[in-house]
Amino acid sequence: MSHQISMASEHRAEEADAGPPSSSSPPATVPEIDISCFAFPEKGSERCREEVVCQALAACTNLGFMNVVGHGVPQPIIGGLLEALSEFFRSSLEQKETCVPSSQNLTSRGYTHYKAEEVDVFLTRPRPRALREAFSFGPADHQNGRPFGTNTYPDFIPDFRPCIDAYYTEMERLEKVMLEIFTLALARASRQPLDPGYLQQQIQPNRGLMKAVWYPACEPSAKDVHLGAHSDWSPFTILLTTAAGLEVCVKSEEGVAQWRSVPVIPGAFTINVADLLACWSNDRFVSCVHRVANIVSNEPRISVPYFSTKIMPLDFVESAEKKVGCICAPGERPKYEPLSVRDYFKRNFDMYASKSGGTTVEVQKIGGAYDALQSI
Ligand SMILES: O=C(O)CCC(=O)C(=O)O
Ligand SMILES: [Fe+2]
């Protein structure tokens, strides 16, 4: 009998109901991992690589969250990005609205208004509106002659585009490095001889969605969170953030769900396993439910999640897509049938549509990943 695909977040919806928003939850155990021996392979020893793989495996099987340093993303590129974004989000609404793509129902890229997103694993009604605005980007270029759609850039900020494109290029490089580390961690855990490029080959030719997010400073409120509880859908996420606020849902030894804050380490990226990688790992890796709590600060907070593998080529052909089977240890039963990126997104969108009473297209917009399905 084939196994039902099920959403990792679905399993844990109850866990996520772990108490009211707070801005001061105790810290979660999020390991700091120096990946320089993978980011700069010419410098790394085999022993150092082994060590990193073990650290990553421990993180993936615990909370699925890690703070990664030694990634090689130049500080001026990060600084340039944050400056450009800050200038954009501080611009007038009228100016920002020039970056709403004209065919908005055909893309998740471009500007998204404050409170336009609804994110909540409970699918409660009404769902909490995210107290943030966003500006999303995909690849600036086509790849191997294949079209990937276009970005919108503001024309009222000089040098905006090079800042975004340089950062996106760095994210694609880091994504590849992390895919190698995750592949080796999976090979170790399952005792399977996987080629280091295995996961990279499976997700080809899809590319990442980079979503710049601005949480304006606001009064602490008793009932709203800045972003509702959810798990990410792509294989994994690379997050740059300027301030604390991200919380993960953990279970105590007594099995009680609690929110714990993710420490912010200057210069580090917070990287988390998301649903697809958890499925491909046969649930060895954890796609942890998380949220952004009330941020009590006079300063706005900027976050830039880069969701791996979310954008498919516009000339996508269903028959050519790769379905990835669970990576199992010898004798272990796969929990899921082979699953492609598109399968998973489509299934989630359909499920959200049926649970929320909306049409699939409305839900796709809410999910913010319309690009991933536009060629279906
Ligand atoms: O802003 C953050 O720190 C996290 C954002 C997030 O979890 C998301 O957009 O999926
Ligand atoms: Fe997230």
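On the basis of being outside any helix (DSSP H, G or I) and either closer than 22 Å to D232 by Cα or at pLDDT 90 or above (or both), does A116 make the cut?
So A116 fits the description; yes.
Tell me which residues, restricted to the range 231-250, are farther than 15 Å from L63 by Cβ and near ligand 1 (Cβ under 10 Å from one of its atoms).
W233, S234, L240, T241, T242, A243, A244, G245
Between R333, R284, R260, which is of a type in the set (D, E, K, R), touching a residue at least 12 places away in the same chain (Cβ under 8 Å) and over 30 Å from H226 (Cβ atoms)?
Details: R333 fails: touching a residue at least 12 places away in the same chain (Cβ under 8 Å); R260 fails: over 30 Å from H226 (Cβ atoms).
From the options R333, R284, R260, the qualifying one is R284.
Test of understanding: among N144, N206, N151, which residue is buried (at least 23 other Cβ atoms within 10 Å of the Cβ) and at pLDDT below 95?
Being buried (at least 23 other Cβ atoms within 10 Å of the Cβ) and at pLDDT below 95 holds for just one of N144, N206, N151, which is N206.
Checking the condition at pLDDT 70 or above, more than 26 Å from G64 (Cα to Cα) and of a type outside the set (S, T, Y), which residue from D343, D275, D315 passes? Full working, then the answer.
On the way: D343 fails: more than 26 Å from G64 (Cα to Cα); D275 fails: more than 26 Å from G64 (Cα to Cα).
One residue alone meets the criteria, D315.
Consider P20 carefully, then state whether it is modelled with pLDDT under 95, surrounded by fewer than 19 Cβ atoms within 10 Å (Cβ to Cβ) and in contact with a strand residue (DSSP E or B) (Cβ under 7 Å, 6 or more places away or on another chain).
Values: modelled with pLDDT under 95: yes; surrounded by fewer than 19 Cβ atoms within 10 Å (Cβ to Cβ): yes; in contact with a strand residue (DSSP E or B) (Cβ under 7 Å, 6 or more places away or on another chain): no.
No: the conditions fail for P20.
Filter the range 34-72 down to residues that are of a type in the set (D, E, K, R), modelled with pLDDT of 95 or more and not in a helix (DSSP H, G or I), then give me how many there are.
1
Which members of the range 87-98 meet the condition of being over 26 Å from L239 (Cβ atoms) and surrounded by 13 or more Cβ atoms within 10 Å (Cβ to Cβ)?
Q95, T98
Find the residue count for the range 251-277, including only residues that are away from ligand 1 (no atom under 15 Å from the Cβ) and crowded, with 19+ Cβ neighbours inside 10 Å.
So the count comes out to 0.
Assess whether V292 counts as being within 13 Å of ligand 1 (Cβ to nearest atom) and either touching a Ser or Thr at 6+ places or on another chain (Cβ under 6 Å) or of a type outside the set (S, T, Y) (or both).
On the way: within 13 Å of ligand 1 (Cβ to nearest atom): yes; either touching a Ser or Thr at 6+ places or on another chain (Cβ under 6 Å) or of a type outside the set (S, T, Y) (or both): yes.
So V292 passes the test.
What is the number of the single condition among (1) crowded, with 18+ Cβ neighbours inside 10 Å; (2) part of a loop (DSSP other than H, G, I, E, B) that A84 does not meet?
Here A84 meets the rest and fails (2).
Quick check, is I238 within 16 Å of ligand 2 (Cβ to nearest atom) and either touching a residue at least 24 places away in the same chain (Cβ under 8 Å) or outside any loop (DSSP other than H, G, I, E, B) (or both)?
Numbers: within 16 Å of ligand 2 (Cβ to nearest atom): yes; either touching a residue at least 24 places away in the same chain (Cβ under 8 Å) or outside any loop (DSSP other than H, G, I, E, B) (or both): yes.
When the stated conditions are applied, I238 passes them.
The values are calculated or read from the model by the stated rules, or taken from the named source; none is laboratory data. Keep in mind the model is a prediction, meaning the values are calculated, not measured. With ideal geometry, Cβ positions are generated from the backbone for all residues, glycine too; neighbour counts draw on all protein chains shown.
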